[in-house]
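What follows is calculated from the coordinates using simple rules that are stated; it is not laboratory data. Since the model is a prediction, treat every value here as computed from it, not as a measurement. A quick note on method: Cβ atoms are made from the backbone with ideal geometry, for glycine too, and the neighbour counts reach across all protein chains shown.
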Amino acid sequence: MNRQLRLGLPAALLAALLSGCAVPGSSTHQPARLDAATLKLESLPEGPISESWWLALQDPRLDQLIRSAWAHSPSLDLADARLARARAEAGLAQSETGPKVDASLSADRQRYSRYGLLPEPIGNNYYTTYSVALQGRWDLDLWGRHRAELDAALGKVRAAELEGRETRRTLTRAVVAQYTTLQRAMLHKQLATQRLATQQQRIELMRQRVAAGLASADSLDTLTTGRALLSQQDNDYRRDIDMARHALAELTGQAPGALATLQAGEPTAPPPVPTDRLTANLLGQRPDILARKAEVEASEAATRAAKAAFFPDLSLTAFIGLSSLETGTWMTRDARSMGVTPALTLPIFHSGELNANLAREKAGNAMAIAAYNSTVLGALKEAADALSTVSAAQRHLDETRDAWASAKRSRMAAEGRFKAGLINRIALLDTIDNEIEQHSRHSEALSLQRLAYAELNTALGSGLAPRATPQQGQL
């Protein structure tokens with residue numbers, strides 16, 4: 001009877017534990033993750049991809065600035081540090097999936113009670129216990145909790161890697177934008193200087209006409225006002241040049257004055273955009289979308305780990321060592337001690353801790369899905385806007401190129417008429433000024449197209465390999 005009782009009691013206790021264990025709470029609504037079918041997007045073959053899309057702009061100075069930014073930008077240093085931390089946390093999670101062994105060496109000085117477990121002469125006396133042991137523990141992870149935690153940590157590593165790529169993507173776009181601003185400002189300043197010289201010549205000629213009574217003083221005032229406006233524009237371009245250089249210095253991890261002498265190369269039009277090869281599939285290569293996807297997968301793994309915490313946890317603990325009350329017998333064979341302890345841990349009542357943890361992970365998964373969906377929709381909008389901007393910028397560039405060519409022909413015709421004595425020098429200067437102004441408008445349109453090209457490649461996450469060489473921004 002006693003034997004039956006001894007055998008039946010552990011089984012009954014285990015059954016009671018299993019029946020009283022903590023139970024996961026009811027699941028909450030989780031948003032659905034967007035995909036191509038949900039968005040009704042076509043799946044078409046992708047075009048060849050070029051990670052270094054800015055090379056199509058054919059500017060060695062720009063290439064050097066981008067590579068310098070990649071090497072020295074503090075934002076990339078921060079991304080690298082986050083990746084290193086994520087990898088370390090993944091290493092900690094992986095350590096939980098395997099056995100652990102510790103070594104211990106101790107000398108314990110203790111007075112034993114006269115009325116305790118050990119009788120005299122040990123009881124009622126001081127003794128030192130010497131021990132050395134190896135202790136091992138292995139959690140069998142029956143329900144995959146530690147494996148799920150490792151999957152979550154590895155997902156965060158993947159997300160951190162992609163965040164580094166995303167930082168490089170946005171950094172590249174910023175360098176291209178500031179460099180284009182520098183090109184624009186330097187060319188505009190050069191043209192403004194030419195317009196100022198032309199305006200000064202017109203003013204001198206008008207002074208002579210006013211002095212000769214051939215024109216009113218109002219005409220001279222109008223030209224003088226125009227010169228003042230041109231001087232203001234020249235100052236604005238000087239400021240834009242300085243600010244663009246300062247911005248590029250910051251992006252490349254340098255002091256504001258480090259690029260004070262930087263000269264931008266002659267701007268050229270970017271290569272034509274192969275619109276027939278632009279599909280929604282290209283957006284799947286954007287690092288921010290891939291990072292959000294990795295975060296969703298990591299949160300799903302964390303949710304699995306939170307669910308596994310509700311189930312029993314079986315672990316094995318073992319030790320082997322030497323223990324003695326005397327130094328003389330410490331290292332003898334009879335001083336050996338060893339043992340194995342299997343342990344079953346079953347959560348029963350944790351004051352709502354497990355359910356709260358599961359609810360937190362589910363909410364984190366919902367947030368990750370919402371962030372992914374928002375990033376996908378934002379990427380689609382950016383790509384559509386960028387493509388529209390590229391098309392509009394190309395039309396504007398063509399129009400300004402035609403206007404510049406027309407102004408150039410008018411100036412050449414005016415020079416012929418001036419040599420023939422059919423017009424005066426003021427009329428000739430008017431056509432020269434008009435040509436310079438049209439050149440300025442064309443350079444502005446060229447800058448806008450380069451910016452649109454950069455925005456499109458940034459929106460796609462990487463650039464399409466060009467089919468043709470870039471067109472020159474000159475006549």
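Model label points for Ser410 and Thr170, set 7 angstrom from Cα along the Cα-to-Cβ axis, are 4.5 nm apart. Pair-distance distribution of the range 341-406: all C-alpha pairs, bin width 5 Å, starting at 0; shares per bin in whole percent are 3, 13, 8, 10, 8, 8, 8, 6, 6, 6, 5, 5, 4, 3, 3, 2, 2, 1, 0.
Taking a straight Cα-Cα cut-off under 21 Å and skipping sequence neighbours fewer than 8 places away in the same chain, the lysines within cross-link reach of Lys408 are Lys189, Lys419. Can you give the angle from 0 to 90° between the axis of helix 2-19 and the longest principal axis of the chain, with both taken from C-alpha atoms, to the nearest 10? Between helix and principal axis, roughly 20 degrees. If you wrap the Cα atoms of the chain in a convex hull and average its projected area over all directions, you get 41.1 nm². Per-residue ellipticity at 222 nm, computed for the chain from helices alone with -39500 (n - 2.57) per DSSP H run of at least four residues, works out to -21500 deg cm²/dmol. Sorted ascending by nearby beta carbons within 10 Å, beginning with the fewest, Ile348, Ile320, Ile432 become Ile348, Ile320, Ile432.
A simple charge model with +1 on the Cβ of Lys and Arg, -1 on the Cβ of Asp and Glu and nothing else charged puts the dipole of the chain at about 100 debye relative to its Cα centre. Projecting the Cα positions of Ala383, Ser351, Thr167 onto the charge dipole of the chain (unit charges on Cβ atoms of Lys, Arg, Asp and Glu, taken about the Cα centre) puts Thr167 furthest along the positive direction. Candidate cross-link partners of Lys307 among the aspartates and glutamates, defined by an alpha-carbon separation under 20 Å and a same-chain spacing of 8 or more, comprise Glu96, Asp139, Asp141, Glu149, Asp151, Glu295, Glu297, Glu353, Glu361.
Using DSSP to call loops (not H, G, I, E or B), can you name the chymotrypsin sites (Phe, Trp or Tyr not before Pro) in the range 299-381 whose Cβ has at most 14 other Cβ atoms within 10 angstrom? Spell out each step's value before the answer.
Numbers: sites: Phe310, Phe319, Trp330, Phe349, Tyr372; in loops: Phe310, Trp330, Phe349.
When the chymotrypsin sites (Phe, Trp or Tyr not before Pro) of the range 299-381 are filtered for loop state and at most 14 Cβ neighbours within 10 Å, Phe349 remain.
Going from the residue with the fewest nearby Cβ atoms within 10 Å to the one with the most, Met206, Met331 rank Met331, Met206. Could you tell me the distance between the Cα centroids of the range 202-246 and the range 101-176, to the nearest Å? Between the Cα centre of the range 202-246 and that of the range 101-176, the gap is 78 Å. The longest stretch of the chain left intact once loop-based GluC sites (Glu not before Pro) with at most 15 other Cβ atoms within 10 Å are removed from consideration, loops following DSSP, is 97-325. Seen from all directions on average, the range 86-196 presents a Cα convex hull projection of 15.6 nm².
Taking other Cβ atoms within 10 Å as a rough exposure proxy, Trp143, Trp138 sort from fewest to most as Trp138, Trp143. Which residues make up the longest stretch of the chain clear of trypsin sites (Lys or Arg not before Pro) that lie in a DSSP loop with no more than 14 other Cβ atoms within 10 Å, not counting the sites? Here the longest run is 115-466.
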